[in-house]
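Heads up: the structure comes next, in structure tokens.
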Amino acid sequence: MNSNVKLINLLITVLADTQVLLLKTQNYHWNVRGINFKSLHDLFEEQYLELFTAVDEIAEIIGSLGSKTTATWKEYTQLTSLSEGDSSLKSIKMIADLAKDQQIISDNIKHCLEEAESVKDDATVDAMTARLAVHRKNHWMLTSLIEDS
């Protein structure tokens with residue numbers, strides 16, 4: 001039995017969250033409408049492209065710890081607490097939805113980070129610290145857009 005089972009399971013959850021957030025952000029990128037279309041279209045694209053790279057990095061960490069990586073939509077939807085995107089939402093609701101998800105994934109990354117620290121896995125600590133910084137920044141950027149709404 002792998003001694004890193006708890007850490008691997010937490011990483012698999014982070015992977016599922018990241019994959020679902022990637023698709024939702026891309027959905028909103030394609031379907032956002034309104035006065036702020038261009039700026040939101042660009043912001044969502046920037047975020048989903050970063051998530052695309054992150055998916056591969058997280059999957060490789062899981063593999064390096066000796067585990068198979070989840071790779072089906074069925075598995076992802078069973079593992080994540082994020083919901084699929086609703087392309088009929090108004091842009092302000094899209095922003096709020098993504099901000100909520102950025103907070104959820106940040107919380108899950110914190111749990112993963114704590115476990116990586118407890119087993120002294122410095123490489124995973126570094127990777128999760130970097131992921132947390134990205135999601136905190138994205139949360140801040142999104143919530144700043146709707147602060148007065």
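The table for this structure:
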quantity	calculated
Any hit, segment 80-91, residues being surrounded by fewer than 18 Cβ atoms within 10 Å (Cβ to Cβ) and assigned to a helix (DSSP H, G or I)	no
Test: Asp42 is free of Cβ contacts under 8 Å to residues at least 24 places away in the same chain and not polar (S, T, N, Q)	yes
Residue match in segment 10-24 (condition: in a helix (DSSP H, G or I), free of Cβ contacts under 8 Å to residues at least 24 places away in the same chain and surrounded by fewer than 20 Cβ atoms within 10 Å (Cβ to Cβ))	no
Filter result for the condition that a residue is over 13 Å from the mean Cα position of the chain (by Cα), surrounded by 14 or more Cβ atoms within 10 Å (Cβ to Cβ) and either assigned to a helix (DSSP H, G or I) or without any contact (Cβ under 8 Å) to a residue 60 or more places away in the chain (or both), over His139, His111, His135	His111
Segment 31-50 - residue that is hydrophobic (A, V, I, L, M, F, W, C) and within 15 Å of Asp97 (Cβ to Cβ) and, of those, surrounded by the most Cβ atoms within 10 Å (Cβ to Cβ)	Phe44
Top-ranked residue in segment 51-73 [being surrounded by fewer than 16 Cβ atoms within 10 Å (Cβ to Cβ) and of a type in the set (Ser, Thr, Tyr); ranked as nearest to Glu84 (Cα to Cα)]	Thr72
Yes/no for Ala71 being modelled with pLDDT under 95 and over 13 Å from the mean Cα position of the chain (by Cα)	yes
Pick from segment 25-64, criterion β-branched (Val, Ile, Thr) and not in a helix (DSSP H, G or I), ranking: farthest from Leu79 (Cα to Cα)	Ile35
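The values are calculated or read from the model by the stated rules, or taken from the named source; none is laboratory data. Since the model is a prediction, treat every value here as computed from it, not as a measurement. Ideal geometry is used to build each Cβ from the backbone, glycine not excepted, and the neighbour counts take in all protein chains shown.
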